[in-house]
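The values are calculated or read from the model by the stated rules, or taken from the named source; none is laboratory data. Nothing here was measured: the structure is a model prediction, and the numbers come from that model. Cβ: placed from backbone, ideal geometry, glycine included. Neighbour counts: every protein chain shown. For accessibility, only protein heavy atoms count, side chains too; no ligands or nucleic acids. Shrake-Rupley method; radii C 1.70, N 1.55, O 1.52, S 1.80 Å.
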Amino acid sequence: MIGVAVIGYGYWGPNLVRNFVETPDARLIYVCDLRMERLAAVQSRYPAVEITDDIEKVLSDPRVDAIAIATPVSAHYMLAMKALMAGKHVFVEKPMASTSEEARRMVDEAARRGLVLAVDHTFIHTGAVRKMRELVETGLGEMYYYDSVRVNLGLFQHDVSVIWDLAVHDLSIMDYVLREKPVAVSATGMSHVAGEPANIAYLNLFFDSKLIAHIHVNWLAPVKVRRTLVGGSSKMIVYDDLEPSEKIKVYDKGITLNGNPQKNGEKIHQMLVGYRTGDMYAPQLDMTEALGSELRQFTDCIINGGTPTADGHAGLRVVRILEAATESLAQRGRVIELEQKRLIA
């Protein structure tokens, strides 16, 4: 049994606690939070779990093998490094850190100590996103575009922009689904509340190939939309996370390029575009709760020495894009190179 402590019992902490309690190879020992009313709720629901507001007590307890961090982003780095230096495996909320330098140090520390570092990119453990990756690898052909919209009349965050709050989900999905990694990013956006971070943003991501990605995030939309379109030369995907059952639809639609190069005079090349319309189908999906699957993988990696699907390297890649997008946003959309040589593939 892997002894676990959850630090932070705010928005996401209760979901972590519930799933760790239900994870066969985990034993939830502590829930740690600075607010006693939250701890009282834990004690009421899970009387066997110890509660504390003392992080040092948790880190020094030999029964604790792993720490799950569900605090504001600004505290991730400090808490994760303390846990790693105490010899604890770490599961940390996304984004894993406030800067790519912090994320890189976390990755290096975990590697140096031989500890598991997992980042909670929850969506990549859903049946829908796993199916989307499978289709991209086997049935879409040459990749053309990745286009995602994530908008709602949402909860304004005072410490992070809408990019760090919402786009992080789409970037983690994109990182998992696409074989290629972006090489540059451009972002534009606006804050409509004085003194607050941007509440609407548009990200464009560029690749070495002709693939292009676009992500639109917005806290000011009158409706909630969670939709991604992925287009390839053979097929196209529509992923709608708000659909109760048919979250993935695959369309046998696209274009066909007809015609032969001609070299008579100034007519160097002539090409005709045709349109292909075929069937649509909705593949069957695994509906297992993603967070439960993710935590089972985390404990299995600790026991058997594996690597999580969303490891520290994946978390670092996402933070680097968020960081570059923020830099671009401040410069009204200037293209920022991602310096792939500094990233770990």
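Structure summary
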quantity: Matching residues, the stretch 212-227, being open to solvent by 10 Å² or more (accessible area, probe 1.4 Å) and within 25 Å of R317 (Cβ to Cβ); calculated: I212, H214, H216, N218, R226, R227
quantity: Of all residues making up the stretch 64-96, the number that are under 17 Å from the mean Cα position of the chain (by Cα) and among the acidic types (D, E); calculated: 1
quantity: Sole residue being in contact (Cβ under 8 Å) with a residue 40 or more places away in the chain and touching a His at 6+ places or on another chain (Cβ under 9 Å), chosen from D120, D65, D25; calculated: D65
quantity: Yes/no for L153 being open to solvent by less than 10 Å² (accessible area, probe 1.4 Å), over 19 Å from the mean Cα position of the chain (by Cα) and in contact (Cβ under 8 Å) with a residue 60 or more places away in the chain; calculated: no
quantity: Selection count, the stretch 294-331, where residues are open to solvent by less than 30 Å² (accessible area, probe 1.4 Å) and either in contact with a Cys (Cβ under 7 Å, 6 or more places away or on another chain) or of a type in the set (G, A, S) (or both); calculated: 8
quantity: Qualifying residue in the stretch 186-196 (condition: closer than 27 Å to F298 by Cβ, crowded, with 24+ Cβ neighbours inside 10 Å and in contact (Cβ under 8 Å) with a residue 12 or more places away in the chain); calculated: no
quantity: Matching option when the condition is on the phi > 0 side of the Ramachandran plot and modelled with pLDDT under 95, among G265, G333; calculated: G265
quantity: Residue within the stretch 202-220 that is farther than 26 Å from A310 by Cα and touching a Leu at 6+ places or on another chain (Cβ under 9 Å) present; calculated: yes
quantity: When residues of the stretch 17-32 are limited to those that are assigned to a loop (DSSP other than H, G, I, E, B) and open to solvent by less than 80 Å² (accessible area, probe 1.4 Å), the one nearest to C301 (Cα to Cα); calculated: D25
quantity: Among residues of the stretch 156-167, those that are of a type outside the set (F, W, Y) and surrounded by fewer than 21 Cβ atoms within 10 Å (Cβ to Cβ), counted; calculated: 4
quantity: Whichever residue in the stretch 113-150 is over 19 Å from the mean Cα position of the chain (by Cα) and over 17 Å from I248 (Cα atoms) and, among such residues, is surrounded by the fewest Cβ atoms within 10 Å (Cβ to Cβ); calculated: G114
quantity: From Y146, Y202, residue being touching a helix residue (DSSP H, G or I) at 6+ places or on another chain (Cβ under 8 Å), at negative phi and at pLDDT 95 or above; calculated: Y146
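Results for (1) within 25 Å of G141 (Cβ to Cβ); (2) among the small types (G, A, S); (3) modelled with pLDDT of 95 or more, shown as yes or no for each residue.
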| site | (1), (2), (3) |
| --- | --- |
| K181 | yes, no, yes |
| V193 | no, no, no |
| N218 | no, no, yes |
| L242 | no, no, yes |
